[in-house]
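The values are calculated or read from the model by the stated rules, or taken from the named source; none is laboratory data. It should be emphasised that the depicted structure is a prediction, and the values quoted were computed from it without experimental measurement. As a convention, Cβ positions derive from the backbone with ideal geometry for all residues, glycine included, and neighbour counts pool all protein chains shown.
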Amino acid sequence: KSIAVIVVAAGQGERASVNGDAVPKQYRPIGGKPVVARTVAAFLDVEAVSHVLPVIHADHDGNFAALDLADARLLPPVSGGASRQASVLEGLKALEPLQPDYVLIHDAARPFVPRALIEAVIAAIADNDGALPTLPVTDTIKRSPDGHMVAGTEDRRQLHAAQTPQGFSFERIFSAHRRAAQIERDFTDDAEIAEWAQLRVVMVPGDRDNIKITHPDDFNRAERLLQGDSR
Ligand code: C5P
């Protein structure tokens, strides 16, 4: 099977910036190595991966080039869109000529994705249309449409927090994404698009270390993770 990976890094990276930081969060170093460089390396480390395609913001060409990443399996970056969903679609279009069997779609903002997790997702695609890592929800989740008054409590035993990489049959997710782009609905991950297209999506156990760098604080957490101290 040929397996392509889309690493979406085309966000503005604003939420994690401190005082309008000049460097977008994807390009800030953790333990001396920029986030995107770590994420790309994590996938190149997996032998089964045939291609890695970065999707970047049009304004970040210089930031990406400065990473100086070179690998026979690393494709030149393509520009993303206004939403994560649009950025993924740009990635899928760029992969079309390669016709991979599977595609893994991963947030650049999750640089600590373990090799075993990537391999578990790949293994799970075979008997389904798609697979994603999830973690059980440990907090009790309240529902509140107005963000003020509590309207109810979810049954957390049925709830699972989604991570990436999310892997799919290339053909099926490409077709689902193209159709999803034609309707007015914001899908928050690719598995949601697969569900909407009635594909079979299975969960595999996620990993607590596979954190998403979203807020400035997450950089401190990430540095501690690298030091083997996950407080
Ligand atoms: O904003 P959020 O944390 O959900 O973004 C998840 C991932 O999607 C990030 O790696 C971000 O760079 C990427 N993204 C993108 N294009 C956008 C918005 C987000 O590639 N327009």
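Brief remarks follow.
Every residue, every condition in (1) under 20 Å from Leu225 (Cβ atoms); (2) touching a helix residue (DSSP H, G or I) at 6+ places or on another chain (Cβ under 9 Å); (3) basic (Lys, Arg), yes or no:
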residue: Lys93; (1), (2), (3): no, yes, yes
residue: Ala109; (1), (2), (3): yes, yes, no
residue: Val121; (1), (2), (3): no, no, no
residue: Leu135; (1), (2), (3): yes, no, no
residue: Thr140; (1), (2), (3): no, yes, no
residue: Arg143; (1), (2), (3): no, no, yes
residue: Ala151; (1), (2), (3): no, no, no
residue: Gly167; (1), (2), (3): no, yes, no
residue: Arg172; (1), (2), (3): no, yes, yes
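- If you check Asp218, Asp190, Asp207 for being surrounded by 15 or more Cβ atoms within 10 Å (Cβ to Cβ) and in contact with a His (Cβ under 8 Å, 6 or more places away or on another chain), only one passes: Asp190.
- Pairs are defined by a Cβ separation below 8 Å, a sequence spacing of at least 6 or placement on different chains, a first member in region 20-39 that is polar (S, T, N, Q) and at pLDDT below 95, and a second member that is more than 11 Å from the ligand (Cβ to nearest atom) and not in a loop (DSSP other than H, G, I, E, B); the pairs so defined are Gln26/Pro34; Gln26/Asn63.
- Unique match (being free of Cβ contacts under 8 Å to residues at least 24 places away in the same chain, of a type in the set (Gly, Ala, Ser), touching a helix residue (DSSP H, G or I) at 6+ places or on another chain (Cβ under 6 Å) and within 25 Å of Ala94 (Cβ to Cβ)) among Ala176, Ala180, Ala197: Ala176
- Region 140-155 residues that are touching a residue at least 60 places away in the same chain (Cβ under 8 Å), paired with ones that are part of a loop (DSSP other than H, G, I, E, B) and loosely packed, with under 10 Cβ neighbours inside 10 Å (beta carbon under 8 Å, 6 or more apart): none
Let's see how each residue does on (1) over 19 Å from Ala42 (Cα atoms); (2) hydroxyl-bearing (Ser, Thr, Tyr):
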| residue | (1), (2) |
| --- | --- |
| Ala123 | no, no |
| Thr138 | yes, yes |
| Ile141 | yes, no |
| Ser144 | yes, yes |
| Glu154 | yes, no |
| Ala197 | yes, no |
| Gly206 | no, no |
| Lys212 | no, no |
| Ala222 | no, no |
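- Qualifying residue in region 100-110 (condition: at pLDDT below 95 and away from the ligand (no atom under 16 Å from the Cβ)): no
- Unmet criterion (only one of (1) surrounded by 14 or more Cβ atoms within 10 Å (Cβ to Cβ); (2) farther than 30 Å from Gly228 by Cβ; (3) touching a Ser or Thr at 6+ places or on another chain (Cβ under 9 Å); (4) of a type outside the set (Ser, Thr, Tyr)) for Gln99: (1)
- Scanning region 44-77 for residues that are among the hydrophobic types (A, V, I, L, M, F, W, C) and buried (at least 22 other Cβ atoms within 10 Å of the Cβ) gives Val52, Leu53, Val55, Ile56.
- Residue match in region 108-118 (condition: over 15 Å from the mean Cα position of the chain (by Cα) and surrounded by fewer than 23 Cβ atoms within 10 Å (Cβ to Cβ)): yes
- Options Ala42, Ala72; residue that is more than 13 Å from the ligand (Cβ to nearest atom) and over 17 Å from the mean Cα position of the chain (by Cα): Ala72
- Criterion applied to Ala82, Ala94, Ala86 was being within 12 Å of the ligand (Cβ to nearest atom) and assigned to a helix (DSSP H, G or I), and the one residue passing it is Ala86.
- Here is the figure for region 97-125: residues that are touching a strand residue (DSSP E or B) at 6+ places or on another chain (Cβ under 9 Å), more than 22 Å from Tyr27 (Cβ to Cβ) and part of a loop (DSSP other than H, G, I, E, B) total 2.
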